[in-house]
1. Can you work out which of the residues in the stretch 7-49 that are out of contact with any strand residue (DSSP E or B) (no Cβ under 9 Å at 6 or more places or on another chain) and among the small types (Gly, Ala, Ser) is nearest to residue 76 (Cα to Cα)?
2. Looking at 7, 15, can you tell me which residue is out of contact with any Phe, Trp or Tyr (no Cβ under 9 Å at 6 or more places or on another chain), surrounded by 17 or more Cβ atoms within 10 Å (Cβ to Cβ) and either modelled with pLDDT of 95 or more or not hydrophobic (A, V, I, L, M, F, W, C) (or both)?
3. Quickly run through the stretch 25-38 and pick out the residues that are in a helix (DSSP H, G or I) and either among the basic types (Lys, Arg) or more than 15 Å from residue 80 (Cα to Cα) (or both).
4. From the residues in the stretch 36-67 that are more than 11 Å from the chain's Cα centre (by Cα) and under 19 Å from residue 13 (Cβ atoms), which one is surrounded by the most Cβ atoms within 10 Å (Cβ to Cβ)?
5. Can you give me the number of residues within the stretch 74-99 that are touching a residue at least 60 places away in the same chain (Cβ under 8 Å) and either in a strand (DSSP E or B) or charged (D, E, K, R) (or both)?
Amino acid sequence: MKTEVQLSEEAEEDLFESYVWYERKRSSLGDEFLSQIQISLDTITNSPESYPIRYRKMVRAFVVDRFPFLILFIIKESLVEVISIFHTSRDPKIWKNRV
């Protein structure tokens, strides 16, 4: 049974900023990034508990294929709340402050 996914405002901003950055690098690369994120979110919703806990016994992480990103999320009953779509070269304090 699939779980519903909800992106926080910050995660939506992460996604938009990354899309714009990739689109500036190469036309349609931003679209490829969005497609990979959607595939990742679909994968997470099928079995969210199977991904490792990374922080405070509740934040889980999914490693995105092809792009250097983590999707960080919290499971709340039947909802997966994405708190960050995080480039792995950035300071983790950025997403930790969202918890």
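The values are calculated or read from the model by the stated rules, or taken from the named source; none is laboratory data. All figures in this text were calculated on a predicted structure; none of them were measured in a lab. Cβ: placed from backbone, ideal geometry, glycine included. Neighbour counts: every protein chain shown.
1. 47
2. Answer to the selection: 7.
3. 25, 29, 30, 31, 32, 33, 34, 35, 36
4. If we take residues in the stretch 36-67 being more than 11 Å from the chain's Cα centre (by Cα) and under 19 Å from residue 13 (Cβ atoms), then 59 is surrounded by the most Cβ atoms within 10 Å (Cβ to Cβ).
5. 11
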